[in-house]
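Following: one structure in structure tokens, then a few remarks.
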Amino acid sequence: MTPQMKPIRSFLFVPGNKESMLDKAANARADALILDLEDSVPPTEKLAARALVARKIPELIAQGQRIWVRINRTAHIYDLDDIVAIAQPGVEGIFISKPWGPEDVHMAACMLAEAETRANLPLGSLRLIPLLETARSLQLAFEIAQHERVPAIVGATAKNADVGRALKYVWTAEGRESEYMKSRVVMAARAAGKQPIGGIWQQIKDLEDEPGDDVFVRRGKRLTGLTPPGETMLPIVERLLLEAENLRRAGDEFTAAERGGLVVAATHSQARYALPQVVRDFRQHYPQVSLHLRQGSPRQVAEMLLSGEADIGVATEALAGYERLVTLPCYRWSHSIVVPPGHALLQGSGPVTLQALARDRKSVV
């Protein structure tokens, strides 16, 4: 069981006790949501928040939102009731706070297995991302990252946050005091073949100093949306992030040309009829490349390509509405009409028209 996590550029924490914020979260356009049952929820509201989050998960997933949940921890173990409540189809996994070391990660992984069994989910389908917020967990970051359920580890720090208290450093605007900690997390994650996730960034005002205009719509201290300049900048930023990922992949293609992974997105018809022989030939020629096939509608195929979730797309319909995609002809797809001998459609000398076909309901296309 080796976890593979789709690329994620941004996570958005959403308090699990705020129904209005949960309802609006999908419109924020973050790559994934973290529904928070921990720090952002007062102790007296945790039971109600758990029930609310469990109820909202299917709605958010139906909107195409990727879902993670940060669960609570007691003095000794993580909250099994939280885990059982969120173990639902489509949930990608949980975040756990303040693990002391690999033993806490193993304990949480066993609890996930129990929840999967109760919910009839495939064993190993829920993943686990630890927030390294204790000195010991940072010292043992590599051992934590090696766990089979862990696709990524987080080295997050912010002013007056748990990491600063644990390491007893003094916060500065430059943030140099946290560089060593962040470097350890990156090194540990890469050595284990997992993803490092950077720290929390709070200097949102910096985004507006550079262009010289407001990017966010504010209500008091809350950010409620993007201004017109922000809407204009968003696709540019998304394109830059995608190109940065493309640069990394281009380097991988040269250093590991015959190994790695390839994700193909295709419509259901292509996956069923056109690709099986191609897939067999590809695996025969490139046995060290892990090939993954994802299915969806033409629109979903395009979105998987634009988000970086897929490398190549195969669809029968033209994707002219997506200017950032390059389409190439692959092969011809034809339809045949099957009729019995002597059928009326065989009497004409010219091609069969759609009108003639519509009048005859006994034909099979």
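The values are calculated or read from the model by the stated rules, or taken from the named source; none is laboratory data. Just so we're clear, the structure is a prediction, and the values are computed from it rather than from any experiment. Counting neighbours? That spans all protein chains shown, and the Cβs are built from the backbone with ideal geometry, glycine included.
Please verify whether the stretch 271-280 includes one or more residues that are in a loop (DSSP other than H, G, I, E, B), surrounded by 14 or more Cβ atoms within 10 Å (Cβ to Cβ) and in contact with a Ser or Thr (Cβ under 6 Å, 6 or more places away or on another chain). No, the stretch 271-280 contains no residue that is in a loop (DSSP other than H, G, I, E, B), surrounded by 14 or more Cβ atoms within 10 Å (Cβ to Cβ) and in contact with a Ser or Thr (Cβ under 6 Å, 6 or more places away or on another chain).
Looking at 191, 166, 156, 141 in this structure, which one is at pLDDT 85 or above and buried (at least 17 other Cβ atoms within 10 Å of the Cβ)?
None of the other options fit; the residue is 141.
Quick check: is even one residue across the stretch 17-36 of a type in the set (A, V, I, L, M, F, W, C), in contact with a Ser or Thr (Cβ under 6 Å, 6 or more places away or on another chain) and modelled with pLDDT under 90? Checked against the condition, which is being of a type in the set (A, V, I, L, M, F, W, C), in contact with a Ser or Thr (Cβ under 6 Å, 6 or more places away or on another chain) and modelled with pLDDT under 90, the stretch 17-36 yields at least one hit. When the residues of the stretch 92-101 are filtered to those that are buried (at least 21 other Cβ atoms within 10 Å of the Cβ) and in contact with a helix residue (DSSP H, G or I) (Cβ under 6 Å, 6 or more places away or on another chain), the one that is nearest to residue 33 (Cα to Cα) is 96. When you check residue 128 against the structure, is it modelled with pLDDT of 90 or more, within 21 Å of residue 34 (Cα to Cα), buried (at least 19 other Cβ atoms within 10 Å of the Cβ) and touching a helix residue (DSSP H, G or I) at 6+ places or on another chain (Cβ under 9 Å), yes or no? Spelling it out, residue 128 is indeed modelled with pLDDT of 90 or more, within 21 Å of residue 34 (Cα to Cα), buried (at least 19 other Cβ atoms within 10 Å of the Cβ) and touching a helix residue (DSSP H, G or I) at 6+ places or on another chain (Cβ under 9 Å).
Could you say whether any residue in the stretch 77-93 is part of a strand (DSSP E or B), acidic (Asp, Glu) and either out of contact with any Cys (no Cβ under 6 Å at 6 or more places or on another chain) or not assigned by TED's automatic domain parsing to the domain that holds residue 307 (or both)? Yes, the conditions are met somewhere in the stretch 77-93.
Taking the stretch 51-76 as the range and being of a type in the set (D, E, K, R) and part of a helix (DSSP H, G or I) as the test, the residues that pass are 55, 56, 59.
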